[in-house]
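Here the structure comes first, spelled out in structure tokens, and everything after it is commentary.
Nothing in this text is a laboratory measurement; each read-out follows from the coordinates by a stated rule. Keep in mind that what you see is a predicted model, and the values were worked out from it rather than measured. No Cβ is skipped: glycine too gets one built from the backbone with ideal geometry, and neighbour counts run over all protein chains shown.
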Amino acid sequence: MKILMMISISITLTVPAALLSQTISKPSFQAASVKPNPQSGFSRSSISIAGNRYSATGTTLRRLIMEAYNLRDWQLVDGPSWITTDQWDVEAVADDGVALLIVNVEDPSRPTAASLMMQSLIEDRYQFKFHRETKELPVYELTVARN
């Protein structure tokens, strides 16, 4: 058995006691618009970043969460059914001079300014709360045979 980390959507945010006294602040977009996609279910999903502009069209909240928090599909557990069905259009602009990147090329596991800003946007607009937990799950292990 391998131990894998998963994220479960819930009502409370679990924070270590040492962090409760500290203010955790993430950068946010200068301006943002989040609207239901008028062709929900029929439009193609896309996410793009150009300079200091972030654009997502016909994208589910589940995909936005996965992109913002750098998660795989199996790591996101629970939540209302509409996060996988309803599609959204997001247009956001960061402050001038802030170059948004999709991936941190120096350390891909480290969040970028764009992902932190999207986390702030998701937490604000959708009142998104979550907690992280570690679960033991059955997995297959691929090994090389001796011969």
Karplus 3J(HN,Hα) series, Hz, for the stretch 89-103 with 6.51 cos²θ - 1.76 cosθ + 1.60 (x for Gly, Pro): 10, 10, 10, 9, 10, 8, 4, 4, x, 8, 8, 7, 10, 6, 10
Distant-in-sequence amide H partners of Thr60 (H built 1.01 Å from N, under 5 Å): Trp88
Taking θ = phi - 60°, what integer Hz values does the Karplus form 6.51 cos²θ - 1.76 cosθ + 1.60 yield along the stretch 105-121, in sequence order, with x for Gly and Pro? 5, 6, 8, x, 7, 8, x, 8, 4, 4, 5, 5, 5, 5, 4, 4, 5
Fewest to most Cβ atoms within 10 Å: Leu100, Leu142, Leu137 sort as Leu142, Leu137, Leu100
Packing-wise, with mean Cβ within 10 Å as the measure, how do 79-85, 101-107, 124-130 rank, highest first? 124-130, 79-85, 101-107
How would you rank Asp89, Asp96, going from fewest to most other Cβ atoms within 10 Å of each one's own Cβ? Asp96, Asp89
FRET efficiency for Thr134 and Asp96, Cβ-Cβ distance as r, R0 = 41 Å, nearest 0.05? 0.50
